[in-house]
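For reference, the structure discussed in these notes is given below.
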Amino acid sequence: MCHEALGYLRKGGHGRISTSGGPILNISATLHYTASWYQIHVSAAKAAIDSITRSLALEWGTDYNILVNGMAPGPIADTPGLSKLAPDEIKIQAREQLPSFHIGDKWDIAMAAVYLVSDAGKYVNGTTLVVDGGNWLYRPCRLP
């Protein structure tokens, strides 16, 4: 996906001059920051996305002035991911166990994305911004 964007961004992208590059925002997760039961395949894929983000930030940031960052959202209300992974009774329990005592909403993710691709984040390159209310720092390992 990033490779497809390279040609477009090298030309400057929509509303940019041809030497200004542009942003790429990869979406990852926090699953691979700690060990998870029966999720090796997902953890490996998300770790690869984070690695690609860092490597492309170095290569394309230097060569083409393209910023490459990632975002790792946590549990977000009213999304297909949360509805598939957590029935309502688990969501209530999860709220009590999250460090922030609430599940994030789509606005939290949107504002983080705006920051990373706008001029506000023009000096941020090669990082994956975790947007989960501190959940990945707190989550203890449990059996399913």
Just wondering, is there one or more residues in segment 128-136 that are at pLDDT 85 or above and under 30 Å from Lys11 (Cβ atoms)?
-> yes
Kindly establish whether Lys106 is surrounded by fewer than 16 Cβ atoms within 10 Å (Cβ to Cβ), at pLDDT below 70 and of a type in the set (Lys, Arg).
-> no
Would you check which residues across segment 14-44 are surrounded by 14 or more Cβ atoms within 10 Å (Cβ to Cβ), part of a helix (DSSP H, G or I) and either of a type outside the set (A, V, I, L, M, F, W, C) or at pLDDT 90 or above (or both) and list them?
-> His32, Tyr33, Ser43
Of all residues in segment 118-128, which are surrounded by fewer than 18 Cβ atoms within 10 Å (Cβ to Cβ) and within 13 Å of the chain's Cα centre (by Cα)?
-> Gly126, Thr127
Just checking, which of Ile76, Ile52 is under 13 Å from the mean Cα position of the chain (by Cα) and modelled with pLDDT of 90 or more?
-> Ile52
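What do you reckon, is Ser83 in a helix (DSSP H, G or I), modelled with pLDDT under 90 and more than 28 Å from Leu6 (Cα to Cα)?
The answer is yes for Ser83.
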Of a type in the set (D, E, K, R), surrounded by 12 or more Cβ atoms within 10 Å (Cβ to Cβ), modelled with pLDDT of 70 or more and out of contact with any Lys or Arg (no Cβ under 9 Å at 6 or more places or on another chain) - does that describe any residue in segment 92-100?
-> no
What number of residues within segment 38-67 satisfy the criterion of being more than 20 Å from Asp132 (Cα to Cα) and touching a residue at least 24 places away in the same chain (Cβ under 8 Å)?
-> 12
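The values are calculated or read from the model by the stated rules, or taken from the named source; none is laboratory data. From a predicted model like this one, the values you see are computed outputs, not experimental measurements. Every residue, glycine among them, receives a Cβ derived from its backbone with ideal geometry; neighbour counts consider all protein chains shown.
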